[in-house]
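Novice: I'd like to ask some things about the structure below.
Only the coordinates and a few stated rules stand behind these numbers; no lab work does. Everything quoted here is computed from the prediction, not taken from an experiment. A quick note on method: Cβ atoms are made from the backbone with ideal geometry, for glycine too, and the neighbour counts reach across all protein chains shown.
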Amino acid sequence: MPFTLTSEAFTHGQAIPPTYTCDGRDVSPPLAWTEPPSGTKSLALLSDDPDAPMGTWVHWVLYNLPASTRTLPEAYPTSAQQSGGSRQGKTDFGRTGYGGPCPPSGTHRYFFKLYALDALLSLAPGASAQQLQQAMQGHILAQAELMGTYRRQRSSR
């Protein structure tokens with residue numbers, strides 16, 4: 001069975017509801033996924049916007065999720081260290097936890113990438129997306145991806 005990532009808030013390729021953006025509550029969307037491959041020891045999640053004017057903008061860095069986890073609730077807490085051992089890194093907003101879409105102009109794509117890993121990562125809370133990507137090298141068993149789009153609903157605040 002393929003490793004897939006979904007959200008009850010939006011489907012792949014469709015618009016992300018404003019609740020999960022800077023135009024709304026700016027909380028993380030609920031996410032769910034299928035059984036990861038055998039041998040998975042932890043999960044990691046990266047969310048980014050490759051359409052940002054200055055290059056890819058990182059919106060969420062989450063790692064060392066227990067392998068038994070199958071969902072993340074809406075409004076996942078933003079602290080760097082979570083119960084159960086998971087950790088969050090710094091986004092390009094300069095803080096830990098999810099930071100929602102807030103494109104300066106036009107419609108942007110937002111990728112949520114979930115990785116099944118054969119190891120727990122020895123990264124401290126607050127790691128960067130680049131540090132996470134380096135630590136995952138050689139440990140990725142499978143990857144699932146969900147992409148949503150967003151265009152600002154009102155002028156910049």
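Novice: In the stretch 5-151, what percentage of the DSSP-assigned beta bridges are antiparallel, given to the nearest 5?
Specialist: 95 percent
Novice: I've got another one for you. Go ahead and run the numbers for FRET between Ser68 and Gln134, Cβ-Cβ distance against an R0 of 35 Å, rounding to 0.05.
Specialist: 0.85
Novice: Starting from the Cα of Thr4, step 7 Å toward the Cβ, then list every residue of the stretch 15-32 with an amide N under 15 Å from that point.
Specialist: Residues 32 qualify, since their backbone N sits under 15 Å from the label point.
Novice: Also, quick follow-up: For Thr19, project a label point 7 Å along Cα to C-beta. Then give me every residue of the stretch 134-149 with its amide nitrogen under 20 Å of that point.
Specialist: Answer for the stretch 134-149: 146-149.
Novice: If you place +1 on the Cβ of every Lys and Arg, -1 on the Cβ of every Asp and Glu, and leave all else neutral, what size is the dipole of the stretch 5-151 about its Cα centre, to the nearest 20 Debye?
Specialist: Computed charge dipole of the stretch 5-151: roughly 240 debye.
Novice: So, one more: Which whole-angstrom value gives the distance between the alpha carbon centres of the stretch 86-157 and the stretch 1-56?
Specialist: For the stretch 86-157 versus the stretch 1-56, the Cα centre distance is 8 Å.
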